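S.K.: First, the structure itself, so that you have it in front of you.
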Amino acid sequence: MTEVDILGLSGSLRAGSMNTALLRAAQKHSPAGVSVTINENLGDVPLYNGDLDTENPPAAVRELREAITRADGLLIATPEYNYSVPGVLKNALDWASRPAASSSLTHKPIAIMGAAPGNFGTVRAQLALRQSFVWTRSRVLTRPEVMVFNCAERFDQAGNLTDEKTIELIRELLTALREQVRG
Ligand SMILES: Cc1cc2nc3c(=O)[nH]c(=O)nc-3n(C[C@H](O)[C@H](O)[C@H](O)COP(=O)(O)O)c2cc1C
């Protein structure tokens, strides 16, 4: 069977991001038939401006939309900012959601996960993120839920995910995403 290509999006731009580290772990531990590419360019996407949302949008927007369209599915790792989705991620998804009738997100299979140092593991951010994908008609997985709480203790000093249970959960999530893609 052909390889399923997954595009990873992190809601955090910082170099030491634990959410980006989760995506790297997904890349490293992906199940058979799945390859994960991590998008490194969300920081280049300008703030959404309807005046720029034309047939010739900013280059970073065009590249983001094309990368999402090319991918068979998305794997999103989101931090929680003030109980919700970080602006960086929401802004990128707002651009990606246009034009509404035929956007790169339309019917796109999507898996969500997130890491936070506290006890709630991005529960509220993930719920908020799911709402955005109602209007886009994306096919968001509901299981397994990957909410990595107390995340600092699950990585080593170099940012490698070492917690076996979390690695297994991510593998389950990617396996479910692979099946969603293959229909
Ligand atoms: C603006 C801001 C708001 C935050 N709000 C929350 C929050 O509501 N809930 C939470 O668990 N952590 C919150 N945090 C802490 C983040 O979970 C923490 O910084 C986390 O490491 C960010 O993910 P990253 O490691 O991928 O950058 C907040 C951090 C920032 C910078």
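Every read-out reported here was derived from the displayed coordinates using simple, explicitly stated rules and does not represent laboratory data. The shown structure was predicted, so the numbers you read here are calculated from the model rather than taken from an experiment. In this analysis, Cβ positions are derived from the backbone assuming ideal geometry, glycine residues included, and neighbour counts consider all displayed protein chains.
S.K.: Can you sort 102, 12, 84 so the residue with the fewest Cβ neighbours within 10 Å comes first? Each step should come with its number before you reach the end.
M.R.: Working: 102 7, 12 22, 84 14.
Ranked by crowding around the Cβ, least crowded first: 102, 84, 12.
S.K.: Further, regarding this structure: Counting each DSSP H run of 4 or more residues in the chain as -39500 (n - 2.57), what helix-only mean residue ellipticity at 222 nm follows after dividing by all residues, to the nearest 500 deg cm²/dmol? The partial results should precede the final answer.
M.R.: Numbers: 5 runs with 65 residues, N = 183.
One gets -11500 deg cm²/dmol as the mean residue ellipticity at 222 nm.
S.K.: Report, in debye and to the nearest 20, how large the dipole of region 4-182 comes out about its Cα centre when Lys and Arg carry +1 and Asp and Glu carry -1 on their Cβ.
M.R.: It comes to approximately 360 debye.
S.K.: Restricted to Cα positions, what overall size does region 4-182 have along the principal axes? Three whole-Å values, descending.
M.R.: Computed over region 4-182, the largest-to-smallest principal extents equal 46, 35, 26 Å.
S.K.: Could you pull out every whole DSSP H run in the chain that spans at least 24 Å of Cα extent along its own axis and averages -1.0 or higher on the Kyte-Doolittle scale? The partial results should precede the final answer.
M.R.: Working: long enough: 164-182 (27 Å, -0.32).
In the chain, the long hydrophobic H runs are 164-182.
S.K.: By per-residue mean of other Cβ atoms within 10 Å, what is the highest-first order of 135-146, 22-33, 157-168?
M.R.: Answer by packing, highest mean first, reads 22-33, 135-146, 157-168.
S.K.: Starting from the Cα of residue 108, draw a straight line to each of the lysines and keep only those under 24 Å, dropping any in the same chain fewer than 8 residues away.
M.R.: Filter leaves 28, 90.
S.K.: Counting pairs of alpha carbon atoms under 8 Å apart in space and at least six apart in sequence, what relative contact order in percent does the chain give? It would help to have the intermediate numbers written out before the result.
M.R.: Details: 341 pairs, mean separation 45.8, N = 183.
Relative contact order here is 25 percent.
S.K.: Name the residue farthest towards the positive end of the dipole of the chain from the options 19, 83, 135, assuming +1 on Cβ of Lys and Arg, -1 on Cβ of Asp and Glu, about the Cα centre.
M.R.: Going by the Cα projections, it comes out as 135.
S.K.: Tell me which residues come under 5 Å, amide H to amide H, from residue 34 once H is placed; ignore anything under 5 positions away on its chain.
M.R.: 4
S.K.: Using 0.36 nm per residue of separation minus the Cα-Cα distance, give me the extension gain between residue 5 and residue 63 in nm, one decimal.
M.R.: 19.2 nm
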